[in-house]
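My questions all concern the structure below.
The values are calculated or read from the model by the stated rules, or taken from the named source; none is laboratory data. Only a predicted model underlies this, so the values are computations on that prediction, with no experimental measurement involved. Glycine also receives a Cβ, built like all others from the backbone with ideal geometry; neighbour counts cover every protein chain displayed. Surface areas here come from the heavy atoms of the whole protein model, side chains and all, with no ligands, DNA or RNA. Shrake-Rupley method; radii C 1.70, N 1.55, O 1.52, S 1.80 Å.
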Amino acid sequence: AETNLGAEFLRDGDEIIFTDQGRPIARLVMRDKIVRRPYLADVKTPGGTQVTRRHPPVAGEDAVDHDTMHPGIWFALGDLNGEDFWRNKGEIRPAEKRAAHGIVEPFVINLRGEGKLSRADGRTLGRQLIKVDLQRVPEGYLYAWEFTLHGESEPLDFGVQEEMGFGARMATPLTEKAGGIITSADGRTGAKKIWGTSDRWCDYSGTLEGKH
């Protein structure tokens, strides 16, 4: 474990647990037998409210669709050289070497790792460099993820598909069905208008436990 001014992360096998003054605030899972790519799960606010859907979801309380593809917050491409990493056909496995990490003032956790892009038949397609920075800001926690993809034996071709990029599955009370609001950079609102399109950013917000 490493700690500084309340920030701490603990390694637990293939998971890295982020904590704030001893309270877990997220799990970064680097290797999972079912969800075959890195992801953040159980993401919480400084007050302890969970804002991503529980993983695994609880039947009868959460929607249980796509439980093996929507673990919390993740990055995946539905078509990379014809391979589907979104639906767990291809796999992103962490490199054997340990990830570099560190904590700097006043509350910033920096993690650096590398993953191997593997096709469904096991052939290596390339590698993915991952940078995850967690910072405490006045509004809460700010996560910054950066992904760099490198081809190995062939150039990488990003196919045109609706399932590609950075994804987040919201906690059940924050979903659109429960009154949550999805807004895009160009002012569109609602999943019907935004799903399957591209824009500079997308905001998903709602009220949970009396807080926006």
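Working only within the range 141-159, note down all residues that are under 27 Å from TRP195 (Cα atoms) and assigned to a strand (DSSP E or B).
Correct list: TYR141, LEU142, TYR143, ALA144, TRP145, GLU146, PHE147, THR148, LEU149, PHE158.
Are any residues in the range 160-205 part of a loop (DSSP other than H, G, I, E, B), of a type in the set (Gly, Ala, Ser) and under 19 Å from the mean Cα position of the chain (by Cα), and if so, which ones?
Matches in the range 160-205: ALA171, GLY196, SER198.
Run ILE25 past the list (1) crowded, with 19+ Cβ neighbours inside 10 Å; (2) assigned to a loop (DSSP other than H, G, I, E, B); (3) touching a Lys or Arg at 6+ places or on another chain (Cβ under 7 Å) and report the number of the one that doesn't hold.
It fails just one condition, (2).
Are there any pairs with C-beta distances below 7 angstrom linking a residue in the range 174-188 that is among the hydroxyl-bearing types (Ser, Thr, Tyr) to a residue that is surrounded by 14 or more Cβ atoms within 10 Å (Cβ to Cβ), with the two at least 6 apart or on different chains, and if so which?
Taking only residues 6 or more apart or on different chains, the pairs are SER184/ILE194; SER184/CYS202.
Just one of the numbered conditions (1) open to solvent by 50 Å² or more (accessible area, probe 1.4 Å); (2) at pLDDT below 95; (3) touching an Asp or Glu at 6+ places or on another chain (Cβ under 7 Å); (4) not aromatic (Phe, Trp, Tyr) is not true of ASN110; which one?
Result: ASN110 passes all but (1).
Still on this structure: Could you grab me the full set of residues in the range 1-16 that are of a type in the set (A, V, I, L, M, F, W, C) and at pLDDT 80 or above?
Within the range 1-16, LEU10, ILE16 qualify.
Right, something else. Restricting to the range 61-107, name every residue that is at pLDDT 95 or above, more than 17 Å from GLY167 (Cα to Cα) and part of a strand (DSSP E or B).
ASP62, GLU83
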